[in-house]
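To start, the structure itself, in structure tokens.
The values are calculated or read from the model by the stated rules, or taken from the named source; none is laboratory data. Since the model is a prediction, treat every value here as computed from it, not as a measurement. Backbone-built Cβ (ideal geometry, glycine too); neighbour counts: all protein chains shown. Just so you know, the surface numbers come from the protein's heavy atoms only, side chains and all, with ligands and any DNA or RNA stripped out. Shrake-Rupley method; radii C 1.70, N 1.55, O 1.52, S 1.80 Å.
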Amino acid sequence: MKTVAVFGSTGSIGVQTLNVVRRFPHEYKVVTLTAGSNVGLFSKQVAEFSPSVAACLPEIELPDGTIGFFGDNAASKAAEITEADIYVMAISGLAALAPLQECIKRGKRVALANKEAIVCAGEIVLDSAAKYGTEIIPVDSEHSAVFQCLKAGERGDVRRIVLTASGGPFYSDKNVDLSAVTPEQAVRHPTWNMGAKISVDSATMVNKGLEIIEAGRLFSTNFVDYVIHPESVIHSMVEFADNSTVAVMSYPNMELAIQYALTYPYRFVNDGVKPFDFSVPLTFGKPDEKRFPAPALARRCLLEGGTAPAVFSIADEIAVDMFMKKKITFTDITGIIDRALCINETKRVESAEQLYELRDVLEKQIGAFVSRK
């Protein structure tokens, strides 16, 4: 039996990770759970799985035998004492960076569902993983697919990675006035059931930009493209030197990618995902980067390196929060990212503290942008 630590257990990925664990009760045991402020759900999870370690922001009552940490640094403190075979990092944003670094030091497997850590601090994270011999397996459906496709050939024979994008809720309708889109409309993804922030990122195509940067860093290449694929059945492809293309396909279901990260290199039966019906047509479309320019900005950041990807990611996080609070419009999100990239000098990423300071700078800059509008 393998032990599992779930960081961010009440979010979408964390909840689905526990669903996978429930499916294989004789294969996995949860030893650590951490969460933010969703005390109701977290308390139920702790009662069900009886972890050795639990951490969340507000202080709650824990069962006998469970060590608890509370407050802003609770997840990092939990990571410091957790011993597990697999660490699932499902905390969103830069808040994941400190506990992720602690998990990496264990030299085991990290199932990574956090884009920001790789996008903003890829050099730090990947260098640390190499130092400690930690195996990082991506949980994003696109990057999980790339990870699997790369097993079909030699890394030197890879010509390019091709990600797929559903296009979100507005891509196919050219008549939608994007400047008038509301937060309620933006979070209604047509094929995936995700959290609010990632749903908005999908609608702006910022999410695909983040995935381009993440793929470039995880798989050490600048040759990352994408196509519009509304059905979200093909999750990613890898094109090899002989012009063959290998793809991973399944109906949209994040639990499949999560399960693979837990079971790799093996594949367990998953009755929760039905086999694909090949009578269903699949379609592909050319990206429209004039209407949705975020992926082009991200590609520029990938090539530039340094703090440019971090500016892209952090500026988006700040802008999406403002959009959800109805302080800015939907189209302002990408505009704010572009402006932040233009006025901030690109520097080498040296530490996590540098990124926290960058966030403070960007919050002030973006607040000034918005107040002058």
> Between residue 174 and residue 338, what length comes free when the chain is fully extended (0.36 nm per residue of separation minus the Cα-Cα distance, one decimal in nm)?
Replying inline: 56.8 nm
> Anyone know which of 180, 111, 54 comes out most mobile in the 10 Å Cα GNM of the chain?
Replying inline: 180
> Going by accessible area, probe 1.4 Å, with all protein chains left in place, what is the ranking of 316, 338, 271, 332, largest first?
Replying inline: 271, 338, 332, 316
> If you wrap the range 97-153's Cα atoms in a convex hull and average its projection over all directions, what's the area in nm²?
Replying inline: 3.9 nm²
> What is the diffusion coefficient of the chain in µm²/s, taking the Kirkwood radius over Cα pairs and the Stokes-Einstein relation at 37 °C with a viscosity of 0.692 mPa s?
Replying inline: 155 µm²/s
>> Give the separation of the Cα centroids, the range 254-279 to the range 85-161, in Å.
In response: 19 Å
> Taking θ as phi - 60°, what are the ³J(HN,Hα) couplings along the range 343-354 by the Karplus curve (6.51, -1.76, 1.60), each to the nearest whole Hz, with x for Gly and Pro?
Replying inline: 9, 10, 5, 7, 10, 6, 7, 10, 7, 5, 4, 4
> PRE reach from residue 220 (point 7 Å along Cα→Cβ): which of the range 130-155 fall under 13 Å by backbone N?
Replying inline: 130-131, 155
>> Please report the spacing between the Cα centers of the range 333-373 and the range 288-302 in Å, no decimals.
In response: 18 Å
> Say the dipole of the range 1-145 comes from +1 at the beta carbon of Lys and Arg and -1 at that of Asp and Glu; which of 60, 119, 104 then lies farthest toward its positive end?
Replying inline: 104
> Using alpha carbon coordinates only, what is the Rg to Rh ratio of the range 38-122, with Rh defined as the Kirkwood radius?
Replying inline: 0.96
> Which residue, 61, 27, 345, has the most motion in a Gaussian network model of the chain that connects Cα atoms within less than 10 Å?
Replying inline: 61
>> Would you calculate the convex hull of the Cα atoms in the range 66-169 and tell me its volume per residue in Å³?
In response: 140 Å³
> Over the chain, what is the percentage of antiparallel beta bridges among all DSSP beta bridges, to the nearest 5?
Replying inline: 25 percent
>> I'd like the accessible area for residue 322, computed on protein heavy atoms only with a 1.4 Å probe and all protein chains in place. Round to 10 Å², please.
In response: 30 Å²
> Quick one: of the DSSP bridges fully inside the range 57-142, what percent are antiparallel, nearest 5?
Replying inline: 0 percent
> Which distance in nm do the two modelled labels at residue 321 and residue 72 give, with both placed 7 Å along the Cα-to-Cβ direction?
Replying inline: 1.2 nm
> So which of 29/77; 327/364; 131/151; 151/290; 77/364; 77/326 end up more than 26 Å apart, counting from Cα to Cα?
Replying inline: 151/290; 77/364; 77/326
> So for the range 1-67, Kirkwood radius off the Cα pairs, Stokes-Einstein at 20 °C and 1.002 mPa s: how many µm² s⁻¹?
Replying inline: 182 µm²/s
>> Considering all alpha-carbon pairs of the range 117-203, what whole percent are spaced by more than 15 angstrom?
In response: 72 percent
> For the chain, what does -39500 (n - 2.57) per DSSP helix run (n ≥ 4), summed and divided by total residues, give at 222 nm, in deg cm²/dmol to the nearest 500?
Replying inline: -13500 deg cm²/dmol
> Which of 26, 143, 229 moves most in a GNM of the chain, Cα contacts under 10 Å?
Replying inline: 26
>> What three numbers, in Å, describe the spread of the alpha carbons of the range 208-313 along their principal axes, ordered from the longest?
In response: 43, 31, 30
